[in-house]
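Asker: My questions will all concern the structure given below.
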Amino acid sequence: MALSKMHRCLRTPELLLNIFQQIRYDGGPKELGLNQSTLAALARTCKDFKEPALDTLWYSMDSFLPLLRCLPSHALEINVVRTERSRIRVPYPKISVRESLQSDDFSRLLYYAPRIRVFHLDQSVYATGPPDPFIDESAYERLLSAKSTSGPLLPNIKRLTLPLAHLIGSSPIPQLIVGSQLQHLGISGTCENTIDRVNWEDFSRLLDSANVRLSLVNLSISLVDVYGYLTPFYVSCPTKFLSILAGSRQLSKLDLESFRVKDAGTVAMLGLVPNLRILTLNLDLERLGQLKEAPADQLGYFCSLTQIKLITSSAAAVCDFFSQSKSSRLEVVVIERFCRSSFWEIPELLSTIARYLPCPTLRCITLCNGIDPFLTRQYNHNTSDLSFDSLKQLFCFTKLEKLCINLGAKVSLRDSDLAEISNAWPSMRHFELYEREFSERSKITPNGIYSFVKSLARLRHLTIRFNASGTSTYPKLPDVQHHRLRYLDVCTSDADESAPIVPFVERLFPLLEYLRWGWVYEHPQIPGSGWETRLEDEEEQIKNDDSHECWISTFERLGLPRLKRST
């Protein structure tokens with residue numbers, strides 16, 4: 001097909017690429033084989049379609065297998081091996097590369113390799129064996145030693161997901177992939193029996209020699225334990241590896257949840273990365289202390305941050321961090337309390353947030369409990385109460401859309417306090433004051449709940465404890481206006497009968513999708529992975545059981561699906 005006879009829309013390479021990308025990913029994984037066949041057919045249709053179709057076909061890979069098939073047959077050896085799956089030995093072909101491989105054998109492979117931009121090595125996070133069961137491990141060494149080109153075999157990789165197992169010892173795989181075009185690097189896998197064998201120094205040298213600091217935009221390290229849980233407490237931070245970030249001009253997103261940062265020097269180094277906007281930092285420090293003075297050509301530490309997630313057991317470390325950060329554009333703050341080993345004074349923490357964080361831009365504040373290895377501790381262990389006077393300190397953030405406080409603090413609010421809260425935050429979409437309290441009834445009534453949500457038209461998520469007992473504190477149903485709330489968690493709200501609750505909820509929240517009540521001990525990253533527990537105070541346990549039965553009855557009469565809590 002001659003270019004002159006084409007429709008003008010097909011003369012634009014960018015438009016052709018968009019069309020072919022749509023073909024490749026249309027229909028999801030089930031249609032992938034058919035879509036790839038379509039692209040291959042398009043590449044053979046005419047010379048004008050060939051290059052963009054091939055670029056799209058090879059754009060993303062999850063194995064070296066397609067590349068090995070580009071080698072001539074005399075360079076490959078295929079053996080049938082057997083593996084045990086569900087106690088059945090299954091045969092499958094395994095490809096290895098012969099020692100006779102020469103640099104001349106790479107011509108076809110090198111024609112396709114530069115087209116690959118995304119490489120997600122397909123390996124289970126639990127795997128500790130070979131990276132691909134269909135490829136003999138020696139094949140990677142032979143590819144590396146026989147290639148005639150300098151640099152990586154895949155020179156244009158921009159997005160790479162690398163299992164941790166490939167960083168053990170002197171694995172050749174990173175050397176085949178990592179190049180100067182790398183923008184997004186994700187390291188994943190299980191750290192059990194693996195992390196101590198990772199060769200961070202060699203990997204750091206490889207990244208440094210490829211000048212990755214000039215191109216890297218996003219670095220994420222997400223390690224799990226043998227049970228599949230994220231592990232922000234096992235792994236000490238390899239400072240040599242992080243040193244490659246010093247002076248990085250492009251890095252905008254950094255996720256170090258799985259690395260414990262134990263020294264203020266590393267924090268200071270990260271704080272001087274000029275364009276860092278999104279940061280997840282695991283602070284394993286009781287106090288951060290005073291950071292050294294920022295260089296004269298810098299305005300301060302963390303000046304460009306828009307989102308920050310801090311994981312720590314120390315409220316003092318949080319206060320130290322925010323008192324020394326100079327971000328004026330912060331929009332999202334998440335503070336995850338890893339362990340309740342030290343006391344958290346909630347009023348002091350909120351005071352620090354109000355004092356040092358930028359009022360005009362902040363939209364979301366989340367203060368939550370994370371993974372506590374001592375799950376059997378009381379949820380409010382080492383935690384002060386949360387009063388309205390403490391909460392008022394946050395009223396300076398007038399654009400707040402999400403407030404989540406889930407630290408175990410006992411909340412002391414009244415209906416009149418809710419009225420002030422709705423006036424202070426008219427844009428609120430997600431309001432969560434989670435507590436597990438039975439010692440005394442909440443002073444918030446259904447009337448207060450109704451007035452609160454009526455004042456917040458955008459509210460979609462509400463988690464709050466109130467007193468649903470009796471009938472005198474409910475608004476008159478004919479006067480109740482509908483609200484578009486989707487999620488309601490009543491925590492340990494007192495309730496004695498479902499008769500007044502059901503019509504109130506049905507009338508007020510006709511679009512409600514989830515109703516949550518009570519509580520369980522559960523892993524915050526795995527909804528429903530918990531167990532009910534008995535309270536030490538028998539009187540409180542009886543009160544809990546009565547309210548629990550009432551909310552079950554309410555749920556059944558409403559016919560709503562119950563949502564297992566996920567922090």
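Asker: If only one of L270, L310 is more than 24 Å from E432 (Cα to Cα) and either assigned to a helix (DSSP H, G or I) or not acidic (D, E) (or both), which one is it?
Answerer: Sole residue among the options that is more than 24 Å from E432 (Cα to Cα) and either assigned to a helix (DSSP H, G or I) or not acidic (D, E) (or both): L270.
Asker: Quick one: which residue in Y434, Y450 is closer than 23 Å to H483 by Cα and at pLDDT below 95?
Answerer: Numbers: Y450 fails: at pLDDT below 95.
After ruling out the rest, the residue left standing is Y434.
Asker: Still on this structure, I have one more. Could you run through the range 99-116 and say how many residues are over 41 Å from the mean Cα position of the chain (by Cα) and touching a residue at least 40 places away in the same chain (Cβ under 8 Å)?
Answerer: 5
Asker: Take I421 and decide whether it is at pLDDT 95 or above, aliphatic (A, V, I, L, M), surrounded by 15 or more Cβ atoms within 10 Å (Cβ to Cβ) and within 26 Å of F504 (Cβ to Cβ). It would help to see each step written out before you state the result.
Answerer: Details: at pLDDT 95 or above: yes; aliphatic (A, V, I, L, M): yes; surrounded by 15 or more Cβ atoms within 10 Å (Cβ to Cβ): yes; within 26 Å of F504 (Cβ to Cβ): yes.
The answer is yes for I421.
Asker: Still on this model: Which numbered condition in (1) among the aromatic types (F, W, Y); (2) at pLDDT 90 or above; (3) surrounded by fewer than 15 Cβ atoms within 10 Å (Cβ to Cβ) is the only one that Y92 fails?
Answerer: (2)
Yes/no per residue for (1) under 18 Å from R465 (Cβ atoms); (2) in contact (Cβ under 8 Å) with a residue 60 or more places away in the chain; (3) not in a loop (DSSP other than H, G, I, E, B):
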| position | (1), (2), (3) |
| --- | --- |
| L400 | no, no, no |
| L403 | yes, no, yes |
| S416 | yes, no, yes |
| I421 | yes, no, yes |
| P426 | no, no, no |
| F431 | yes, no, yes |
| E435 | yes, no, no |
| S439 | yes, yes, no |
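Asker: Now, a different point. Those residues that are at pLDDT 80 or above, hydrophobic (A, V, I, L, M, F, W, C) and touching a helix residue (DSSP H, G or I) at 6+ places or on another chain (Cβ under 9 Å), I need them from the range 183-213; list them, please.
Answerer: L185, I187, V198, W200, F203, L206, L207, V212 - these are the residues of the range 183-213 that are at pLDDT 80 or above, hydrophobic (A, V, I, L, M, F, W, C) and touching a helix residue (DSSP H, G or I) at 6+ places or on another chain (Cβ under 9 Å).
Asker: Please enumerate the residues belonging to the range 346-362 that are free of Cβ contacts under 8 Å to residues at least 40 places away in the same chain and either crowded, with 16+ Cβ neighbours inside 10 Å or not in a loop (DSSP other than H, G, I, E, B) (or both).
Answerer: E348, L349, T352, R355, Y356, L362, listed by residue number.
Asker: Could you list all residues from the range 326-339 that are surrounded by fewer than 21 Cβ atoms within 10 Å (Cβ to Cβ) and more than 20 Å from the chain's Cα centre (by Cα)?
Answerer: Within the range 326-339, K326, S328, R329 qualify.
The values are calculated or read from the model by the stated rules, or taken from the named source; none is laboratory data. Since the structure is predicted, the reported quantities are computational estimates derived from the model, not experimental observations. Glycine gets a Cβ as well: all are built from the backbone with ideal geometry, and neighbour counts include every protein chain shown.
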